[in-house]
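Beneath this line is the structure, given in structure tokens, with notes to follow.
Only the coordinates and a few stated rules stand behind these numbers; no lab work does. Since this is a predicted model, take the numbers as computed values, not measurements. Neighbour counts run over all protein chains shown; Cβ positions are idealised from the backbone, glycine included.
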Amino acid sequence: MAVLAAGRRTPLGDLYAEHPDGVPSSIDATLVRTTVVPERSGEGPIEVLDLTRYARFGIKGKGASDWLRSKAIPLPEPVNTLAPVASRKLDLVRLGAEDYLVLPQSLGEPASLAALRSEWESDGRERKGFNSWREEVWAWFHIHGANVADFLAKTCPVDLNADRLPLRSVVQTRVAQMDCILVRTDRTNDHGFDLFFDVASANFMMSSLKELGAA
Amino acid sequence: MIPRLPLPYGTRIDRGQVLTFTFEGRTFRGLSGDTLASALVASGQWLISRSFKYHRARSVMTMAGQDANTLVQVAGEPNVLADVHPLREGLEATAQNVNGSLEKDRDALLDRLGRFMPVGFYYRTFFGPGKNSWLRLWEPLIRKKAGLGRVDTSAPRVRYEKQNLFYDVLVVGGGPAGISAAIEAADTGARVLLVDENPELGGSLTYARFDDEPEATAHLLGDLRQQIKAHPGIDVFTNAVANGWYADNWIPIITANRLYKVRAKEVILCTGSLDQPIPFRNNDLPGIVLGSAVQRLMRHYAVKPGRRAVVFAGNRDGYRVALDLVEAGVEVAAIVDPRTTQQHGAFAAQLETKGVRIILNAGIAEAAGAAGNKHLKAARITRSDADTSEWIDCDLLSVSCAYTPTYQLALQAGAKLSYDDGTAQFTLTNVPAHLTLAGSVAGNFSLPSVLAAGRKAGGNAAQTLGLASREIEVPEDEERSLSSLELPLVGHPKGRDFVDFDEDLQVKDIENAVRTGYDELELVKRFSTVGMGPSQGRHSALATARIVARATKRKVDDIGVTTSRPPFGPEKLGLLAGIQQSRYRYTSVHHRHVEAGAKMTPVGAWWRPLYYGDQKPPDTLIIDEVNLVRQRVGILDVSTLGKIELRGPDAGLLLDRFCSMNYAKQPVGRVRYCLTLNEMGTVIDDGVASRVAEDHYYVTATTGGVDRIYADMCWQNVQWGLDVDIHNVTAGFAAFNLTGPLARQVLEAAGGLDVSSEGLPFLGGRIGSVANCPVRIMRIGYSGELSFELHTPQSYGEALWDALMEAGKPLGLRPYGLEASRILRLEKGHIIIGQDTDAVSTADELGMAWALAMKKPFFIGKRSTELLRRLPARRRLVGFDLPSSEQDRPDEACLILEQGEAVGHITSTCLSPTLGKWIGLAFVPADLAEQGRTMLIKTRKGAELRARIVPPHFFDPENKRQEI
Amino acid sequence: MKIMNCPLNGPRNISEFTCFGPVHDAVDAQSASDAAWCHYLFYQENKAGIIREWWRHTPSNYYFIAERHTVTDEIIATYSASELSRIENKS
């Protein structure tokens, strides 16, 4: 299934840019920022970025850990943490004993991710885990702002406060009444979380966040 | 306006800001910082409400929002507590539960009819005179009489929010103990939340009198508040009620329109205690007020509560109130002390020098009201050492006698309530782990011991959290035994000695409940309704326990209080609802359906097209869609189908165990039906498995069933320990069913993999691309026509849909919806799980024995199927048909009759556009399932229709059309 | 809201979990007598005391074992399902 067609689209209507690898070149140029909580006196806004169209790659199942080790990629320890893979400009998120999500460290530079993916696809060994279709199964939002933990506390039952949940922590829990994985990435240098959740609920998630943010 | 007391009285009011408001249509003036009740009382308007049953005049009692006497209607909002509701400019308040006006309540007559309404009378009345008297006569009447307030159905929409909060330590109650506990815990580094229901911290320090002069108390309060304010580790919520205790220290905190769900590692309850009233005849007259309420009126609002007071002092605080009154310029006519000897010599000496008369051995037998009993006029004092009694004129009677700990949250958490005869108080024991009590709720009464107990509780909580804390000594508490007094509870012969003010229950009512046979407290409560009113027994529990103890000759400790459950106080439904968000899921081509004019319908969380267009009646549109598929080609969005990837060497084995057919033997490139049973042999789901590779199956499940199937598969896999990875990719793939005689031509026009009958035969599955979109394609369908189910990663969904629509345009391709799909499948006799099946339908009953590979060593449901096959068959799902008629029609859920008895029901039926007659499926008893037999259908109109039992494959029984 | 300690995700509100019922002694469906099979299907011991149950943390699809006291509702221990076979082998 390596054939690529033009015209891939995200649930919120973003077209995947017309690049051969389906990824645009920079995070900012075309990205839509949705303000869910406007700037208030002394407190910055809370914004949501829809990153769904950016490349990501998941492998899970028996052999996944061994395969990553065989590529000299250090595994995040323990489960539910993110470990940067500096040599490959990748971030590796560990969701289970044999469940991984690979993200590009810089969204605008997808080549290293594509390289890892093609290494994995072309590897002939018997056990290397399975493609977990994370780029199709999940929508990918990033939500950030100085008060993002307080804001998410309206809908998330886990304490996300910056001093209790360090950078690179992963929380598999519920947001907007649905299963959601939160990864603290501080991607915009602001306190912020990547959210991974049911792609068919992307519209719902966005409208929920907006409604929770409405004063 | 009556002048207020001078400074420093009135800590909460701003004398410079006068507010105008109305009560019962009359205009009043109050001050900013007043509550509605303090402004009314300050203006001389004591009468605030009428009691629930007898419509007696009532006024402020606690000034703390703890009684039902101050419930009023404020604009559209009923049941507002006037003693804590902040006064606002232009506020409009009215009384509740009055017939006519508050001043002239026609129902006040009921007070004279009390003997016709004994306790529990409603359990014995209202049965007659006629058969339906309750519904027609009594219920509407009682509803009108019993309701409090009026709901404004046109009230504007209000936003209510919820939020989770996480703290190391939650301190409930911001009095001296709570403040000390918060500071001590935060000093060790703990993150602390301190909540208090009042507008400001301080608790009793803001109104009560202690051993030191009031100036010293004010200084201490200022110092404590400053420490809290300056402490970075303490968050403070005021005007916030901790409204219950739920498992593992989960406390709902309500403030305005927000519900905080606070999870705290340690909870410290400094909830204080509740000043208790005493029973005597007419103890509910306006002007009879608890001592703490007198102090609140003066200190907080600078309200002079009366001109001439009698002070009942069963404890030390009674003397302190008397001193406060004297200092505020209120004449204290007498202190009535029931004890035989003077216990508070220093106070007594101070008061006597000011000319106050102290009567020991004394009690209050009754009170008398001025005209209409709207305010206290005099109290009759009796002495246990004399036969005479004496009426003393007064317009204020302050009552200080006993306290009960505010035990509700502690009891909800599992603490036990005991009664200590020595101190005449309830005490809390067996406090569970991670919960601590401090202050008067824990029996600390003297200020030094309250402060130290608070600090000790804060330190202990910190220690449990692993933080370094210091040792704290709590000094001996000499006040504990002087705080409460147990009075003999003898009812007045003429009654009106209220135990429960909310429900108008008197001493004799509780006694009569016991006498009627309800001698257990929980029964007394349910029979008499004691403690069931808005104040939930805050002032009646102790008295009730004592009355029941005496009446049943048991100890108060054995009686206790009724089970305490959340919520502590009333909470608005809006707070529980919060922001309502119902999940919805869209397929990747949702917008295409909307653009094409689809009528969308929810299917679980998903939204799916029901039919397309609005230019014709829906029935016609649906028939057009059926005809389109039968004659040309249509496309159905089936993206909502469950989709599961099974990968690994044991994938076939897992499927063999989980579903009913043979999958391990299924060739790669083939698609096979999946029927899933539970262990009872009930059919629970169906779908297909496409074998993509030796170790890879792509399995579909029903839209509604996939979550359960996926969870069960994963669970079984953990137990079976198979080498297979199970992955739910339902939303990750868009899926479209292209079906109709011209379906192949559409795919050929779109371009892509070989879809010829040789390249992709019926029940074949391939991987490739169509219109440059990656697809998994299967020759399967529900309609009985030539069908291709195309699955593509959802990001390609729109591209594939558009390409197919474009390619199919010359062939007349249009999308069709769920309604047409349901007809198409019924014409083929395919079942829908959950519509044509129920909780006990077996594959045999459904005529699907063909789908059971009984030779397999095991599959879930096999054992029960074998067992059931040895029993007589119970029922069958049969097909039926009947001619179309203008007069009547069968419907789903219509009964099947046999000799007048209901023996079965219709599960699916439709007027088949293709066959021109009614067709359907129905459950009938196995012995009546014979083909060709006639069965009777009872229609919704009540008529009977005769239908013929036929094989369920109504259309193209040889399946020639789908296999071309 | 009770807290359950997920062996994978740590302490969470119980609403994030689903109970999958008590851990049964393995019953071989095909060799069990009719009576034994029906007993297995329809008889729940409903014991007052500590029981061992299957639980799933839904957001992470993680299955594990919890030991719970049915009278006090106290969750005594939670552990990975692999521990189960270790415990059973011991006893």
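Give B:K53/B:K104; B:K53/B:K508; B:K643/B:K828; B:K508/B:K555; A:K60/B:K643; B:K917/B:K941 a once-over and call out the pairs whose C-alpha atoms are over 22 Å from each other. Too far apart for the 22 Å limit: B:K643/B:K828.
Please give the FRET efficiency for C:S31 paired with C:S80, using the beta carbon to beta carbon distance and R0 = 35 Å, rounded to the nearest 0.05. FRET efficiency, C:S31 to C:S80: 0.75. In chain B, the DSSP beta bridges split such that about 75 percent are antiparallel, to the nearest 5. Fewest-first ordering of B:S841, B:S389 by other beta carbons within 10 Å of each residue's beta carbon gives B:S389, B:S841.
For the listed peptides B:752-764, B:399-411, B:828-840, a ranking on the average number of other beta carbons within 10 Å per residue, highest first, reads B:399-411, B:828-840, B:752-764.
Per-residue packing, averaged as other Cβ atoms within 10 Å, sorts the ranges B:263-275, B:908-920, A:78-90 into the order B:263-275, B:908-920, A:78-90, beginning with the highest. In chain B, the calculated helix contribution to ellipticity at 222 nm averages -6500 deg cm²/dmol per residue, counting -39,500 (n - 2.57) for every DSSP H run with n ≥ 4. Spin-label model, B:E898/B:E473: points 7 Å from Cα along the beta carbon direction are separated by 9.0 nm. Taking the number of Cβ atoms within 10 Å of each Cβ as an exposure proxy, the fewest-first ranking of B:Y54, B:Y796 is B:Y54, B:Y796. Each of the peptides B:925-931, B:725-731 was scored by the mean count of other Cβ atoms within 10 Å over its residues; in descending order, highest first, they stand as B:725-731, B:925-931. P(r) for the range A:107-215, from all Cα pairs and a bin width of 10 Å, is 13, 39, 30, 15, 4, 0 %, short bins first. Once the C-beta distance of B:W720 and B:E522 is scaled by a Förster radius of 45 Å, the resulting FRET efficiency is 0.35 to the nearest 0.05. The loop-placed GluC sites (Glu not before Pro) in the range C:4-91, going by DSSP, that have at most 10 neighbouring Cβ atoms within 10 Å of their Cβ come out as C:E45.
Among the aspartates and glutamates, select those whose C-alpha is under 18 Å from the C-alpha of A:K128, and discard any that sit fewer than 8 residues away in the same chain. Leaving aside aspartates and glutamates fewer than 8 places away in the same chain, those within reach of A:K128 are A:D66, A:E98, A:D99, A:E119, B:E645, B:D650, B:E694, B:D695, B:D723, B:D725.
Treating the angle as unsigned and between 0 and 90°, give the value, to the nearest 10°, between the Cα long axis of helix A:202-213 and the longest Cα principal axis of chain A. Approximately 30 degrees, to the nearest ten. From the Kirkwood radius over Cα pairs of chain A, Stokes-Einstein at 10 °C and 1.306 mPa s returns a whole-number translational diffusion coefficient of 89 µm²/s. Among the residues of B:582-594, the average count of other protein chain beta-carbon atoms within 10 Å of the residue beta-carbon is 4. Counting, for every residue in B:860-868, the Cβ atoms of other protein chains within 10 Å of its Cβ and taking the mean gives 3. Legend: ranking of residues B:M298, B:M117 from fewest to most surrounding C-beta atoms inside 10 Å; resulting order B:M117, B:M298. Among the GluC sites (Glu not before Pro) in the range B:633-730, those located in a DSSP loop and surrounded by at most 16 other Cβ atoms within 10 Å of their own Cβ are B:E679, B:E694. Computed extension length for B:N678-B:A943: 91.6 nm, one decimal, from 0.36 nm per residue of separation with the Cα-Cα distance subtracted. Taking a straight line from the alpha carbon of B:K855, these lysines sit under 22 Å away, with near neighbours fewer than eight places off in the same chain left out: B:K665. The value of relative contact order for chain C, using C-alpha pairs under 8 Å at least six residues apart, is 25 percent. What is the distance in Å between the Cα centroid of the range B:229-260 and that of the range B:320-351? The range B:229-260 and the range B:320-351 have Cα centres separated by 38 Å. Between C:Q44 and B:A349, the simple spin-label model (points 7 angstrom out along Cα→Cβ) gives 7.2 nm. Counts of other chain beta carbons within 10 angstrom of each beta carbon in peptide B:795-801 average 6.
The long axis of helix C:81-90 is offset from the longest Cα principal axis of chain C by roughly 50 degrees.
Think of it this way: in chain B, B:C270, B:C394, B:C401, B:C714, B:C773, B:C894, B:C910 stand alone, with no other Cys Cβ under 4.7 Å. How much FRET efficiency would the formula 1/(1 + (r/R0)^6) give for B:D956 and B:S884, where r is the Cβ-Cβ distance and R0 is 22 Å, rounded to 0.05? The pair B:D956/B:S884 has a calculated efficiency of 0.65. For trypsin sites (Lys or Arg not before Pro), the sites in the range B:270-364 that DSSP calls loop and that have at most 14 other Cβ atoms within 10 Å are B:R307, B:K354, B:R357. Gain on full extension, evaluated as 0.36 nm per residue between B:W391 and B:T255 minus their Cα-Cα distance, stands at 44.4 nm.
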